[in-house]
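K.L.:
The following block contains the structure, expressed as structure tokens.
The values are calculated or read from the model by the stated rules, or taken from the named source; none is laboratory data. Predicted model only: the values in this text are computed from it and were never measured. Cβ placement follows ideal geometry from the backbone for every residue including glycine, while neighbour counts extend to all protein chains displayed. In case anyone asks, the SASA skips ligands and DNA or RNA and just uses the protein heavy atoms, side chains included. Shrake-Rupley method; radii C 1.70, N 1.55, O 1.52, S 1.80 Å.
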Amino acid sequence: MGMVLKFNPRQLEANIAQVGERAMKGMSDKMRKTAIRIRDLARSYAPVKSGLLESSIDYITLRKDGRNTFAVFIDLDAGRYAREGQLGDYAFIMEEQLRPFGMSKGKRYYVSPKSAAKGPRVGGRFMSRAVKEGTKDLPAALAAIVRRITGGGRSANVSYERSGGDDE
């Protein structure tokens, strides 16, 4: 009694390509959700004076060569309400020069009462802290997505048949 092996290499190639595309899509979705999380964290950590800084924090999807790139940014060209100058000047001071929890002359302070109402995480380095916290588990999450997509199914379409002889 012999066995016949039927194997379709074109089907294998198509299955491998499909698994790769599904893995890329899963990772892209996770990266988009991470960018949204970073944006939301940066908005919650940003000092509030007029609300312009936190409303100017956003994310964008850039597509190049069939791949998505997600960027979280501050619209630095927005005009300021209270003073002359661009929002970029204020954003730089808040990110780089305001200490994380606003230390001045030995006292802790927040930029305004509105900021204090948002909670104790408001202060300088708001964007840096949002990126650090938002991407903390990203490599492990991306690896888990790839494992989940690639690990479960067969990628080769192989079938076995018994040939000849009796089945007794």
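K.L.:
For the stretch 44-53, name all the residues that are out of contact with any Ser or Thr (no Cβ under 8 Å at 6 or more places or on another chain) and either hydrophobic (A, V, I, L, M, F, W, C) or part of a helix (DSSP H, G or I) (or both).
P.N.:
Answer for the stretch 44-53, where residues must be out of contact with any Ser or Thr (no Cβ under 8 Å at 6 or more places or on another chain) and either hydrophobic (A, V, I, L, M, F, W, C) or part of a helix (DSSP H, G or I) (or both): SER44, TYR45, ALA46, LEU52, LEU53.
K.L.:
Same structure, new question: Considering only the stretch 44-53, I want to know if a residue exists there that is touching a strand residue (DSSP E or B) at 6+ places or on another chain (Cβ under 6 Å), touching a residue at least 12 places away in the same chain (Cβ under 8 Å), farther than 22 Å from ILE149 by Cβ and open to solvent by less than 30 Å² (accessible area, probe 1.4 Å).
P.N.:
Scanning the stretch 44-53, I find no residue that is touching a strand residue (DSSP E or B) at 6+ places or on another chain (Cβ under 6 Å), touching a residue at least 12 places away in the same chain (Cβ under 8 Å), farther than 22 Å from ILE149 by Cβ and open to solvent by less than 30 Å² (accessible area, probe 1.4 Å), so the answer is no.
K.L.:
Among the residues of the stretch 123-142, count how many are surrounded by fewer than 18 Cβ atoms within 10 Å (Cβ to Cβ), part of a helix (DSSP H, G or I) and within 14 Å of the chain's Cα centre (by Cα).
P.N.:
Residues flagged as surrounded by fewer than 18 Cβ atoms within 10 Å (Cβ to Cβ), part of a helix (DSSP H, G or I) and within 14 Å of the chain's Cα centre (by Cα) within the stretch 123-142 amount to 8.
K.L.:
Restricting to the stretch 56-68, name every residue that is polar (S, T, N, Q) and either farther than 14 Å from PHE126 by Cβ or in contact with a Gly (Cβ under 6 Å, 6 or more places away or on another chain) (or both).
P.N.:
Once the filter is applied, which keeps residues that are polar (S, T, N, Q) and either farther than 14 Å from PHE126 by Cβ or in contact with a Gly (Cβ under 6 Å, 6 or more places away or on another chain) (or both), the stretch 56-68 yields THR61, ASN68.
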